[in-house]
Amino acid sequence: MVKAVVNSPAPLKVGIAGLGVVGAGVVRLLDQHAGTLAARAGRPIKVVAVSARDRRKKRDMPKGSWRWYGDAADLAGDPDVDVVVELIGGADGKARALVEAALRAGKGVVTANKAMLAVHGAKIAALAEAHDAPLAFEAAVAGGIPIVKALREGLIGNRIDQITGILNGTCNYILTEMRNTGRDFGEVLKEAQQLGYAEADPSFDIDGVDAAHKLAVLTSLAFNTRVDFRAVHVEGIRHVSAVDIAFAREFGYRIKLLAIARRTPRGIEQRVHPCMVPADTPIAHVDGVFNAVSAVGDYVGRVMFEGRGAGSNPTASAVVADLADLAAGRRAPAFGVPAVKLQPLKAAAMADYIGRYYIRLIVRDQPGVLADVSAVLRDHKISIESLVQRGRSEAENQPVAVVFITHEAREADMARALKRIAKLRPVLQPPAPIRIETP
């Protein structure tokens, strides 16, 4: 009796561009979990080629017999590579050139590049479909949290009405430490840089741009619209002070940098800015470097995902999840529907946003100040829900903090009112508003 010879399935052959902490994590994970991944994906996943600037650099990963390329673009031309993993970063330049070249060559692409997707996502998705090449990007948003797959597949039966997220671990760490220690923004930022939680130039994170890139991608997935980063209203956390953190606690809130996309009768809101959220809500308790994303669907209601949003292992986990899908032949349109069916985003103007506000003023302690401020708010149809004054000085004209919580008001009216208030003589600093949200 002659036994039939069963050929083992051919491996999925991977080329990795970028061997930083995430790239090294991907290599390490593929090596450590090779057997489990092969069983779950139906065939092995094998790194056959890599590209990195410095071949001699010591990296925390096993050594392999892969081919090295000094120019990442050469991965796209390697006939032995099935899938290119792009971990270079940046909206344009080498990263975009590599991704587009790989897709034109019919190779699959797995990327963690939120900036590129936020700026060029619709075009890249269309290019992938034109060449029948899969495009996957679970690692681009919220690190190890599988929110892309959840929106694209797990919640496919729902109409999504709102996405709310803590999408930047650096900002969340800073705000958490400010609350826990009472220290001010600059001091905590410096510590975050020393600990490696913030870059030497942290502006991309603390000015909200990183979170805005991620929100633009989530908006497209949630609402079947073309990615439109330019329509995102973006504010960072530089102006949040220890005084604001203390007042938030007194009023029963915590301050978080939130990324929010929401359906409204005026269109879809996309906004990133500091928010005061009630201290008893789940998202208020997502602290440190952790991320969280909640989605509201018409059938499922509210669901929430929480986990590490960055770092070598969580992001590598997301990259490998995409590779396993491609190895198993599981693929879907990058943004949930074919690129040609993505609708232009009808953006709701930020000026029409309606919500409650916390307003902090630093004013001279003199008679009539509160009356003058209240008159300006009244003139712009803004009513005050509560008012607190702290640090009343024994000497007249000394600076004191005054805080208002308003009833719902329109953003444009609030902006005009704060502009007028800033010009009042007793007002010593520009007013510092923070929107109040109940996610």
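Read-outs throughout are calculated quantities, based only on the coordinates presented, and are distinct from any laboratory measurement. All of these numbers come straight from a predicted model, not from anything done at the bench. Here Cβ is always computed from backbone atoms with ideal geometry, including for glycine, and neighbour counts include all displayed protein chains.
The table below gives the values:
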read-out: Output for segment 48-97, where each listed residue is of a type in the set (Val, Ile, Thr) and surrounded by fewer than 21 Cβ atoms within 10 Å (Cβ to Cβ); value: 48
read-out: Residue, nearest to the chain's Cα centre (by Cα), within segment 187-221, restricted to residues that are among the aliphatic types (A, V, I, L, M) and closer than 15 Å to residue 237 by Cβ; value: 211
read-out: Criterion: in contact with a helix residue (DSSP H, G or I) (Cβ under 6 Å, 6 or more places away or on another chain), among the small types (Gly, Ala, Ser) and either closer than 24 Å to residue 253 by Cα or part of a loop (DSSP other than H, G, I, E, B) (or both) - qualifying residue of 415, 351, 334; value: 334
read-out: Qualifying residues in segment 262-278 (those that are more than 14 Å from residue 244 (Cα to Cα) and aliphatic (A, V, I, L, M)) - the one surrounded by the most Cβ atoms within 10 Å (Cβ to Cβ); value: 272
read-out: Among residues of segment 268-296, those that are of a type in the set (Gly, Ala, Ser), touching a helix residue (DSSP H, G or I) at 6+ places or on another chain (Cβ under 9 Å) and outside any loop (DSSP other than H, G, I, E, B), counted; value: 3
read-out: Verdict on residue 98 being on the phi < 0 side of the Ramachandran plot, in contact (Cβ under 8 Å) with a residue 60 or more places away in the chain and within 26 Å of the chain's Cα centre (by Cα); value: yes
